[in-house]
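First the structure, in the form of structure tokens, and then the observations on it.
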Amino acid sequence: MQKNHATIAGIAVAVAMIAGIMYGVRAGNAAIPVLSFLAGSGLLFLLKRNVDTVIEDEWTLLVEQKASTMTMNLTSFLFTVIGLFLITISSPEQNYDQAALTIAAILVTLAIVYIATTFWYSHALRGTGP
Amino acid sequence: MKNKLRIFRAVHTLTQEELAEKLGVTRHTIIAIENERYDPSLGLAFRMSDLFGVPIEDIFIHEKQG
């Protein structure tokens with residue numbers, strides 16, 4: 001499959017996946033978003049695998065790793081700030097215990113995700129590092 | 001690390017796209033190497049060496065530190 005065709009098909013799959021997730025959320029059925037996400041991810045993976053031209057190599061993986069790590073750090077920081085803001089203003093007596101627990105949970109989750117992604121990229125880039 | 005990839009590519013009258021295809025990498029990688037923003041892996045350096053028929057040290061120039 002050519003890169004351009006795969007891109008068009010990928011966009012169509014992504015749109016269908018988002019529509020499925022939105023429909024599931026509106027319908028109040030948790031299974032539909034999960035199934036949509038899994039099916040969409042599977043289809044995108046298959047599309048990417050069937051592209052004839054090289055679309056991923058050592059350089060693009062390095063750039064992808066840096067970009068995804070930066071995105072993860074920024075997103076988690078923003079979610080933490082918003083979450084803590086909502087927790088502390090949600091009740092008349094400010095709930096600092098819950099805020100502390102939230103920070104702890106986020107830090108543990110971040111550490112796990114960070115270790116997992118570092119492990120995955122070091123495996124993917126094995127022997128190709130700068 | 002400095003390199004002469006652009007010169008060797010010109011000598012062999014290859015476009016960045018053609019060179020990328022022959023080496024099995026993306027054009028972005030060739031651009032990054034030519035602009036000395038990225039030092040390729042040893043495997044890719046050997047593939048370049050084989051393609052141009054010259055030793056690696058003719059393509060890449062190691063600058064000793066200190």
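Bear in mind that the values in this text are calculations on the coordinates, not laboratory data. Bear in mind the structure is a predicted one, so any value in this text is a computation, not a measurement. Every residue, glycine among them, receives a Cβ derived from its backbone with ideal geometry; neighbour counts consider all protein chains shown.
Summary table
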item	result
Residue within the stretch B:48-65 that is under 20 Å from A:T60 (Cα atoms), within 14 Å of chain A (Cβ to nearest Cβ) and surrounded by fewer than 13 Cβ atoms within 10 Å (Cβ to Cβ) present	no
Test: residue in the stretch A:69-87 that is of a type in the set (V, I, T), surrounded by 12 or more Cβ atoms within 10 Å (Cβ to Cβ) and not in a helix (DSSP H, G or I)	no
Residue satisfying all of: in the stretch B:20-42; more than 14 Å from A:L61 (Cβ to Cβ) and in contact with a strand residue (DSSP E or B) (Cβ under 9 Å, 6 or more places away or on another chain); surrounded by the fewest Cβ atoms within 10 Å (Cβ to Cβ) among these	B:E36
Close pairs from the stretch A:53-74: first at the interface with chain B (Cβ under 8 Å from one of its Cβ atoms), partner assigned to a loop (DSSP other than H, G, I, E, B) and loosely packed, with under 14 Cβ neighbours inside 10 Å, Cβ under 6 Å, at least 6 apart	A:V54/B:G24
Filtered residues of the stretch B:13-35 (kept if of a type in the set (S, T, Y) and at the interface with chain A (Cβ under 9 Å from one of its Cβ atoms))	B:T26, B:T29
Residue tally, condition touching a residue at least 24 places away in the same chain (Cβ under 8 Å), among the charged types (D, E, K, R) and farther than 22 Å from A:K66 by Cα, over the stretch B:23-66	3
